[in-house]
Amino acid sequence: MGDRNLREDIKRIIEKVKQKILPDNTVKMWLEKNISKFQDLKGNLYVVAIGKAAWRMAKAANDVLRHMISDRVIHGVVVTKYNHSEGNIENFEIYEAGHPVPDENTLMATKRALELTNSLKEDDVVLFLISGGGSALFEMPVDGVSLEDIQKLTEALLKSGANIVEINTVRKHLSKVKGGRFAQHVYPAKIVSLVLSDVLGDRLDSIASGPAYPDGTTSQQAIDVLRKYNITVSEKILNALAQETPKELSNVETFIIGSVKVACENAEKFASQLGYNTFVLTTTLDCEAKEAGKFLASIAKEIKNSDRPVKKPAAIILGGETVVKVKGSGRGGRNQELALSFALAIEGLENIVLCSFGTDGTDGPTDAAGGIVDGQTAHKIRKAGLSPESFLENNDSYNALKIAGDLLITGPTGTNVNDLIVLLVG
């Protein structure tokens, strides 16, 4: 198999997986199977959708519910990332806001969701549609903490190398809606949560910072995260962190309808159909992006030279979420940085291709979803008279891969279930 075929195959695999993980079908299938939860409803039904997949999830839910329980009016609020809305939804208010750092629109949208669900009765139900990005998009700081405080702390945590669980541990204790507090707000009404997981191990109290799930973290753990990464905060933030989140909630039901495990299973199936010997290495990848790139390069070399751990043609599949310690001033995201690191480590080798793909279609603050690289990627950068090592050191993987023509640009996919990495060795 030549590089050209490997590249075509990897693109084919990614495209098929992308179609499988779109939230529309998963939401519709779950609701159609469980519609009795809403058909027998005595009170009112409200829908709140948060995250990068919020619009698609809300549209799918509205289509099913209007058809199957047409006797009642459903009101809803959608809060999603900029450019992730695809139009109007009847009886829904749609907001776009900042991600990965919340902004004024975040507060305005969250305020409307709180107003919609205020003073509910015991017979009322909130259908809560949660997807990745919800931590930034659904936010109302506790009294005494400002939006600017949240913004600065979020930026510091993102640059520190802290993982998503650690970041959300801190954010939950500074919020009126995170860490189970949204469920407290709608009580005594019931919340039925449908979740697209973007957290490793599908930890429900961390997905979107768990607005409607009992919080398994403590105030002390939040403070420990700040100490671990040497992040200094004001006395008012320390005081806010000391307010404990709810550890028990009696009005919630939660169902995971999509995750990176499902994405990896589909990638394995499609690769096998194309004739590859497949191996899902992990669905919980969690380390520095640069180190993951070098590690995967060592696996590629082992397969190429020794047919281990699987024989050629081989497809190694991983899911998870790496981190980037930002030291430079460049542009990029964790998938692009992983891909560039991998490309440097396999420079000059043939019949090896890797794709690292952010399933939401946006990797870091860029328009790329990730990168597709091979043994020629680094060479193409050098041919332009530039140093790929310098790009990597400056956290400028976006511009490096752009020069090589190896960016993966999909546009927003409408979903988010962590990152998918596919390595092909021919």
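The values are calculated or read from the model by the stated rules, or taken from the named source; none is laboratory data. The structure presented is a predicted model; accordingly, all values stated were derived computationally and were not measured. In this analysis, Cβ positions are derived from the backbone assuming ideal geometry, glycine residues included, and neighbour counts consider all displayed protein chains. Accessible surface is based on the protein model in full, side chains and every heavy atom, while ligands, DNA and RNA are left aside. Shrake-Rupley method; radii C 1.70, N 1.55, O 1.52, S 1.80 Å.
Would you be able to tell me the number of residues in the range 67-114 that are farther than 17 Å from D24 by Cβ, β-branched (V, I, T) and under 23 Å from the mean Cα position of the chain (by Cα)?
Count: 5.
In this structure, does S306 turn out to be over 25 Å from V170 (Cα atoms), free of Cβ contacts under 8 Å to residues at least 24 places away in the same chain and open to solvent by 40 Å² or more (accessible area, probe 1.4 Å)?
So S306 passes the test.
Kindly evaluate E166 against the criterion of being open to solvent by 20 Å² or more (accessible area, probe 1.4 Å), modelled with pLDDT under 95 and either touching a helix residue (DSSP H, G or I) at 6+ places or on another chain (Cβ under 8 Å) or aromatic (F, W, Y) (or both). Steps first, please.
On the way: open to solvent by 20 Å² or more (accessible area, probe 1.4 Å): yes; modelled with pLDDT under 95: yes; either touching a helix residue (DSSP H, G or I) at 6+ places or on another chain (Cβ under 8 Å) or aromatic (F, W, Y) (or both): yes.
So E166 fits the description; yes.
Among the listed residues L120, L153, which satisfies the condition of being under 25 Å from V233 (Cα atoms), touching a residue at least 40 places away in the same chain (Cβ under 8 Å) and among the aliphatic types (A, V, I, L, M)?
None of the other options fit; the residue is L153.
Just to verify a result, which residue in the range 36-59, among those that are open to solvent by less than 10 Å² (accessible area, probe 1.4 Å), touching a helix residue (DSSP H, G or I) at 6+ places or on another chain (Cβ under 6 Å) and farther than 19 Å from L120 by Cβ, is modelled with the lowest pLDDT?
Going through the qualifying residues, I end up with A53.
Limited to the range 159-175, what total is found for residues that are touching a residue at least 60 places away in the same chain (Cβ under 8 Å) and either outside any loop (DSSP other than H, G, I, E, B) or within 30 Å of N394 (Cβ to Cβ) (or both)?
Here the count works out to 9.
In the range 129-154, what count of residues is obtained for those that are within 17 Å of the chain's Cα centre (by Cα) and not in a loop (DSSP other than H, G, I, E, B)?
Summing the residues that are within 17 Å of the chain's Cα centre (by Cα) and not in a loop (DSSP other than H, G, I, E, B) in the range 129-154 gives 7.
Scan the range 4-27 for residues that are among the charged types (D, E, K, R), surrounded by 17 or more Cβ atoms within 10 Å (Cβ to Cβ) and more than 21 Å from the chain's Cα centre (by Cα) and report the count.
Number of matching residues: 2.
Just to verify a result, which residue in the range 376-408, among those that are touching an Asp or Glu at 6+ places or on another chain (Cβ under 6 Å) and under 26 Å from K18 (Cβ atoms), is surrounded by the fewest Cβ atoms within 10 Å (Cβ to Cβ)?
Only one residue tops the list, namely T377.
Got a number for residues in the range 194-217 being closer than 19 Å to M140 by Cα and either assigned to a helix (DSSP H, G or I) or in contact (Cβ under 8 Å) with a residue 60 or more places away in the chain (or both)?
Qualifying residue count, the range 194-217: 5.
Hey, can you tell me all the residues within the range 161-207 that are within 25 Å of G414 (Cα to Cα) and of a type in the set (F, W, Y)?
F182
Which residue, of E302, E291, E265, is under 23 Å from the mean Cα position of the chain (by Cα) and farther than 30 Å from K37 by Cβ?
From the options E302, E291, E265, the qualifying one is E291.
Looking only at the range 205-228, which residues are out of contact with any Pro (no Cβ under 7 Å at 6 or more places or on another chain) and buried (at least 21 other Cβ atoms within 10 Å of the Cβ)?
Scanning the range 205-228 gives S206, I207, A208, S209, G210, P211, A212, Y213, T217, A222, V225, L226.
Just one of T106, T117, T110 is modelled with pLDDT of 95 or more, of a type in the set (S, T, N, Q) and under 25 Å from S36 (Cα atoms); which is it?
Unique residue meeting the criteria: T117.
Among the residues of the range 243-259, is there at least one that is basic (K, R), in contact with an Asp or Glu (Cβ under 7 Å, 6 or more places away or on another chain) and either at pLDDT 95 or above or surrounded by 23 or more Cβ atoms within 10 Å (Cβ to Cβ) (or both)?
Yes: the range 243-259 contains one or more residues that are basic (K, R), in contact with an Asp or Glu (Cβ under 7 Å, 6 or more places away or on another chain) and either at pLDDT 95 or above or surrounded by 23 or more Cβ atoms within 10 Å (Cβ to Cβ) (or both).
I need a count of the residues in the range 28-86 that are touching an Asp or Glu at 6+ places or on another chain (Cβ under 7 Å), basic (K, R) and without any contact (Cβ under 8 Å) to a residue 24 or more places away in the chain.
0
For the range 239-280, enumerate the residues that are of a type in the set (D, E, K, R) and either closer than 16 Å to I421 by Cα or in contact with a Pro (Cβ under 7 Å, 6 or more places away or on another chain) (or both).
Of the residues in the range 239-280, the ones of a type in the set (D, E, K, R) are 244, 247-248, 253, 261, 265, 268-269.
Across the range 239-280, the qualifying residues are K247, E248, K261, E265, E268, K269.
Specify which of the listed residues (I317, I303) is in a helix (DSSP H, G or I) and either out of contact with any Ser or Thr (no Cβ under 8 Å at 6 or more places or on another chain) or more than 30 Å from A183 (Cβ to Cβ) (or both).
Result: I303 is the single residue among I317, I303 that is in a helix (DSSP H, G or I) and either out of contact with any Ser or Thr (no Cβ under 8 Å at 6 or more places or on another chain) or more than 30 Å from A183 (Cβ to Cβ) (or both).
Inside the range 60-107, can you point out the residues that are open to solvent by 60 Å² or more (accessible area, probe 1.4 Å) and among the aliphatic types (A, V, I, L, M)?
Once the filter is applied, which keeps residues that are open to solvent by 60 Å² or more (accessible area, probe 1.4 Å) and among the aliphatic types (A, V, I, L, M), the range 60-107 yields M68, V73.
G411 versus (1) in contact with a helix residue (DSSP H, G or I) (Cβ under 6 Å, 6 or more places away or on another chain); (2) open to solvent by less than 40 Å² (accessible area, probe 1.4 Å): which is the lone unmet condition?
Exception for G411: condition (1).
With respect to Q220, determine if the residue is part of a helix (DSSP H, G or I) and among the polar types (S, T, N, Q). I'd like the intermediate steps shown before the answer.
Values: part of a helix (DSSP H, G or I): yes; among the polar types (S, T, N, Q): yes.
So Q220 passes the test.
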